[in-house]
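The values are calculated or read from the model by the stated rules, or taken from the named source; none is laboratory data. These numbers come from a predicted model, not from an experiment. Here the Cβ positions follow ideal geometry from the backbone for every residue, glycine too, while neighbour counts run over all protein chains shown.
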Amino acid sequence: MGEIYRYVFVTDAEEGLIVVNVETLADGDPRNNFLKRAATWNEGGILAGARHITIGGNYAYIAAKVGLVVVDISDPLHPRLAATVPLRDMRASALQFRYLWVTTAEGLQLIDVTHLDKPRLIPGATVPLADAQRVYLARTYAYVAAKQDGLVIVNITKPERPTVYQKVTFDGKLNDAEDVILGTTNASLFAYVADGRNGLKVIQMTSPASQPNFYGFSPAPMPELIAWARTPSLALALSKGLDRDRGVDESGNQIAIFGRVGSRPFNRTEMERLFLNSRGEPWKVSDTPSFADWAPARVAAKR
């Protein structure tokens, strides 16, 4: 398991990145569960105003005043600045495959992180939104908590050409959306929305009754408001459960136990061979050898 899994990483608007060792929580003894910071990092004040963090393998993607700050945390006690991307009022981010989706004053924006330490903004993929806050990714859809615009569902089947699928407000009942988390229970997909002054809302996205194709890979959402709980104070954020759907993280650190003796998952270099060509670019159809390219060599080999 990677070294980063000994720690939790906390962002602070003034102190920057705070690293906390949490190994004591794994020893089964509740009497010694006292946590202390192991390191604090804010080189040159680069993390001033830090407000959100997304971890992708050995890299932390942090929202700060300057925009996106990418920090190499492969050595958790000695973080290192890897890259920055200037963005206007970045709020949050979410990572899926080769893309990091971020919310900013512009709306929902897309950053290519095919190479984890070399982020590249895709300007043409911006989805304008008046007040985008948190974002959650679920296969071919991005769910954006967009304050007065409620929950905005964006189709990201073609990441560099996203389209708004639906803006969900339930006739104005969902009008202060701050955060959203999705989860599946049995045969249904649910969205949990922190709706600011309105409290917590639960939205059923798919069900056998509303979506006949609910068993598909990524069925189209059919939002239905099914529960609403008032909260004593503003509902501003939600926690996310642990994803347990893969054997390794983005850098190739093993995060699940394999059942076969002697087996191991691919490391990062091996993973890249599956989707990058010899130039370090994503594979395209044109990179695939045609029959005319390899048939003569095959014939010559037979001779």
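Quick notes on this one:
- Taking the listed residues 68, 81, 95, 137, the one that is crowded, with 23+ Cβ neighbours inside 10 Å and in contact (Cβ under 8 Å) with a residue 12 or more places away in the chain is 68, with no other qualifying.
- Which listed residue, of 99, 141, is under 16 Å from residue 54 (Cβ atoms) and not hydrophobic (A, V, I, L, M, F, W, C): 99
- Checking each residue in the range 248-283 for being over 20 Å from the mean Cα position of the chain (by Cα), aromatic (Phe, Trp, Tyr) and either modelled with pLDDT of 90 or more or within 18 Å of residue 99 (Cα to Cα) (or both) picks out only 283.
- Any hit, the range 231-244, residues being more than 29 Å from residue 149 (Cβ to Cβ), of a type in the set (D, E, K, R) and outside the structural domain of residue 152 (by TED's automatic domain parsing): yes
- Taken together, the residues in the range 238-259 that are in contact (Cβ under 8 Å) with a residue 12 or more places away in the chain and either on the phi > 0 side of the Ramachandran plot or among the hydrophobic types (A, V, I, L, M, F, W, C) (or both) amount to 5.
- The set of residues in the range 201-230 that are surrounded by fewer than 11 Cβ atoms within 10 Å (Cβ to Cβ), at pLDDT 95 or above and farther than 20 Å from residue 147 by Cβ is empty.
- Residue within the range 230-237 that is outside any strand (DSSP E or B), on the phi > 0 side of the Ramachandran plot and in contact with a Lys or Arg (Cβ under 8 Å, 6 or more places away or on another chain) present: no
- Note on the range 120-134: residues that are farther than 21 Å from residue 194 by Cβ and either surrounded by fewer than 16 Cβ atoms within 10 Å (Cβ to Cβ) or touching an Asp or Glu at 6+ places or on another chain (Cβ under 7 Å) (or both) total 7.
- Selection of first residues in the range 164-175 that are within 14 Å of residue 131 (Cα to Cα) and of second residues that are surrounded by fewer than 15 Cβ atoms within 10 Å (Cβ to Cβ) and at pLDDT 95 or above, restricted to Cβ pairs under 8 Å at least 6 apart or on distinct chains, gives the following pairs, ordered by first then second residue: 175/148.
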